[in-house]
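> First, the structure itself, so that you have it in front of you.
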Amino acid sequence: MWRNGRHDKSRNTLLRSVPRNRRWFYATALSAAVVGGVLAVTLPFWALSDKPLPAKVTEDLPAGAMQAKATTSCLECHEARIILQQRLSKGAWAKEVDKMVKWGAVVDANDHDALVDYLSTNFSPDQPAYEAPRTANDRSTSEKSAGKPSK
């Protein structure tokens with residue numbers, strides 16, 4: 001430190017108290033700790049940056065008078081696939097809607113029966129089974145396993 005135009009050596013005691021032959025060791029250890037800390041923080045993010053983000057498959061509910069209401073009520077918490085894969089009777093849909101209302105779904109009492117009708121019409125047990133859409137990545141994997149060339 002400089003005081004009154006002169007260097008005050010008594011204040012520079014951090015490394016003076018360490019023997020001269022160990023100063024290099026402490027400086028190296030401190031540098032390694034700093035570099036290690038920086039790597040520990042940045043390495044997980046760097047590893048994630050190399051992986052492409054998975055393709056997000058989004059689907060819409062079938063067209064109908066209550067499609068918008070079902071979208072706002074159900075898709076607030078669920079992905080459309082949760083609903084699209086269900087095959088329930090009208091009574092089961094009524095119980096399901098009632099349960100979701102108890103858990104916080106916003107369904108107007110005037111829309112309750114119409115919503116149950118919409119769900120039971122589009123997702124009843126006599127409807128064909130839900131088939132999930134496939135991404136390009138899924139197609140190429142299944143074609144390779146079947147021995148077919150990918151396009």
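The values are calculated or read from the model by the stated rules, or taken from the named source; none is laboratory data. What you see is a predicted model; the values in this text were computed from it and never measured. Because the Cβ atoms are built from the backbone with ideal geometry, glycine has one as well, and the counts that use them run over all protein chains shown.
> Can you work out which of the residues in region 100-119 that are without any contact (Cβ under 8 Å) to a residue 12 or more places away in the chain and part of a helix (DSSP H, G or I) is nearest to Glu76 (Cα to Cα)?
Val101
> Shifting gears a bit: Give the number of residues within region 58-84 that are among the polar types (S, T, N, Q) and assigned to a loop (DSSP other than H, G, I, E, B). Full working, then the answer.
Applying the first criterion (among the polar types (S, T, N, Q)) to region 58-84 yields 58, 67, 71-73.
Filter once more, keeping what is assigned to a loop (DSSP other than H, G, I, E, B): 58.
Of the residues in region 58-84, 1 are among the polar types (S, T, N, Q) and assigned to a loop (DSSP other than H, G, I, E, B).
> Output the residues belonging to region 90-123 that are modelled with pLDDT under 95, small (Gly, Ala, Ser) and over 17 Å from Ala65 (Cα atoms).
Gly104, Ala105
> Further, regarding this structure: Looking at region 82-89, is at least one residue touching a Leu at 6+ places or on another chain (Cβ under 6 Å) and either among the acidic types (Asp, Glu) or at pLDDT 90 or above (or both)?
Keep residues of region 82-89 that are touching a Leu at 6+ places or on another chain (Cβ under 6 Å), which gives none.
No - not one qualifying residue is present in region 82-89.
> Next question, about the same structure. Do we find that Thr28 is in a helix (DSSP H, G or I) and either surrounded by 12 or more Cβ atoms within 10 Å (Cβ to Cβ) or modelled with pLDDT under 80 (or both) in this structure? Spell out how you get there, then give the answer.
On the way: in a helix (DSSP H, G or I): yes; either surrounded by 12 or more Cβ atoms within 10 Å (Cβ to Cβ) or modelled with pLDDT under 80 (or both): no.
Spelling it out, it is not the case that Thr28 is in a helix (DSSP H, G or I) and either surrounded by 12 or more Cβ atoms within 10 Å (Cβ to Cβ) or modelled with pLDDT under 80 (or both).
> Are there any pairs, at least 6 apart or on different chains, whose C-beta atoms fall under 7 Å, with the first in region 38-53 and small (Gly, Ala, Ser) and the second part of a helix (DSSP H, G or I) and at pLDDT 65 or above, and if so, which?
none
> So, one more: Looking only at region 96-128, how many residues end up being over 31 Å from the mean Cα position of the chain (by Cα) and more than 14 Å from Leu84 (Cβ to Cβ)?
9
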